[in-house]
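Student: Take this structure, written in structure tokens, and hold onto it; I'll ask about it next.
The values are calculated or read from the model by the stated rules, or taken from the named source; none is laboratory data. These numbers were taken from a predicted model, which means no experiment stands behind them. Methodologically, a virtual Cβ is constructed for each residue, glycine included, from the backbone with ideal geometry; neighbour enumeration extends over all protein chains shown. In case anyone asks, the SASA skips ligands and DNA or RNA and just uses the protein heavy atoms, side chains included. Shrake-Rupley method; radii C 1.70, N 1.55, O 1.52, S 1.80 Å.
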Amino acid sequence: MKESLMEIVCCPIDKADLELDVEEREGEEILEGSLTCTECGEVYPIEDGIPNLLPPDMREDAAA
Amino acid sequence: MDESRRVRETYDRIASHFADTREHPWPEVEAFLEGRQGTLGLDVGCANGRHAQLLAARTDRVLGVDASRGLLFEARTRARDRGFGVDLLQGDAAALPVRSERVDLAVYVATIHHLPDRETRVGSLDELARVLAPGGRALVSAWSTAHGKFDAEAGFDTTVDWTLPGGETVPRFYHIYAPEEFRAEVEDSALAVESFEVSSGNCYATVKREQ
């Protein structure tokens, strides 16, 4: 994802701002990192350049 | 398991084959976009990005949102192959990770019928209304009983199999709408219907935020 997306995306649950943490970057593309909600503290991973902003109960690691 | 997760996992599984069979944009989407433009475009349930590609020609920036990561990778490949820009987000149509009042032009086609119940579907339409800018427009479509495949007057829940090459079938949840039911659902949300049509077995509503 591009860093300029930070002005557009928000937490899917409470719509609050997100805080970006970059682990790996290639030019303006953020490949690995995370987005943390400044309100509820939920952490959304950025993997392979695509942020996973699914609500927690729809994620891969959610309990079945 | 929650139905929304099940649908997402199904599309992750069939993503590659599904994308191959979804080459061309729908004429109804092309007709909606004709003469429209804006700063930010949004494709909810973007799949392989065939409609995000159309939006990219009419807006400065396009967001493609899909619950399935497999489909988002297909969209990324298509965008690279065809040379259009799209910002891809893994997200749920019922909980959009997009700030309010930003989107000028949106398409939400052939996706809402995968959401598990009326409350969730109306909630997703409220979400679309929330992200639309004043003056923004969106096209919402769903599969309907008007399709020749179905012999029903009233809307119903069903499972439609996807057949992979090799013959394996993968089930997908659908709510098949009666056209008037779809219209009522849109009108119950924070969206206002500007025009409504039934075409090729799908219902289409052109919508804006309720005043």
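Student: Of the residues that sit in segment B:69-107 and are within 15 Å of the chain's Cα centre (by Cα) and in a loop (DSSP other than H, G, I, E, B), which one is nearest to residue A:55 (Cα to Cα)?
Tutor: B:91
Residue-by-condition table, conditions (1) more than 11 Å from chain B (Cβ to nearest Cβ); (2) farther than 28 Å from residue B:116 by Cβ:
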{"site": "A:34", "(1), (2)": "yes, yes"}
{"site": "A:41", "(1), (2)": "yes, no"}
{"site": "A:44", "(1), (2)": "no, no"}
{"site": "A:55", "(1), (2)": "no, no"}
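Student: Condition first: under 11 Å from the mean Cα position of the chain (by Cα) and open to solvent by 20 Å² or more (accessible area, probe 1.4 Å). Now tell me which residues in segment B:120-142 satisfy that.
Tutor: none
Student: Now for a different question. I'm trying to understand the selection: among the residues of segment A:12-32, which are within 12 Å of chain B (Cβ to nearest Cβ) and either more than 15 Å from residue B:89 (Cβ to Cβ) or in contact with a Ser or Thr (Cβ under 8 Å, 6 or more places away or on another chain) (or both)?
Tutor: Of everything in segment A:12-32, those that are within 12 Å of chain B (Cβ to nearest Cβ) and either more than 15 Å from residue B:89 (Cβ to Cβ) or in contact with a Ser or Thr (Cβ under 8 Å, 6 or more places away or on another chain) (or both) turn out to be A:14, A:15, A:16, A:17, A:18, A:28.
Student: Which one of these does residue B:174 not meet: (1) at pLDDT below 95; (2) part of a loop (DSSP other than H, G, I, E, B)?
Tutor: Only one criterion is unmet by residue B:174, namely (2).
Student: Of (1) away from every other protein chain (no Cβ under 12 Å); (2) touching a Ser or Thr at 6+ places or on another chain (Cβ under 6 Å); (3) free of Cβ contacts under 8 Å to residues at least 40 places away in the same chain, residue B:60 satisfies all except one. Which?
Tutor: (1)
Student: Those residues that are without any contact (Cβ under 8 Å) to a residue 12 or more places away in the chain and surrounded by 14 or more Cβ atoms within 10 Å (Cβ to Cβ), I need them from segment B:185-204; list them, please.
Tutor: Across segment B:185-204, the qualifying residue is only B:187.
Student: Could you pull out the residue among A:33, A:41 that is outside any loop (DSSP other than H, G, I, E, B), among the small types (Gly, Ala, Ser) and open to solvent by less than 80 Å² (accessible area, probe 1.4 Å)?
Tutor: A:33
Student: To continue, here is another question. Take the conditions closer than 23 Å to residue B:134 by Cα and either touching a residue at least 24 places away in the same chain (Cβ under 8 Å) or away from chain A (no Cβ under 13 Å) (or both) and apply them to residue B:43. Does it pass?
Tutor: Yes: the conditions hold for residue B:43.
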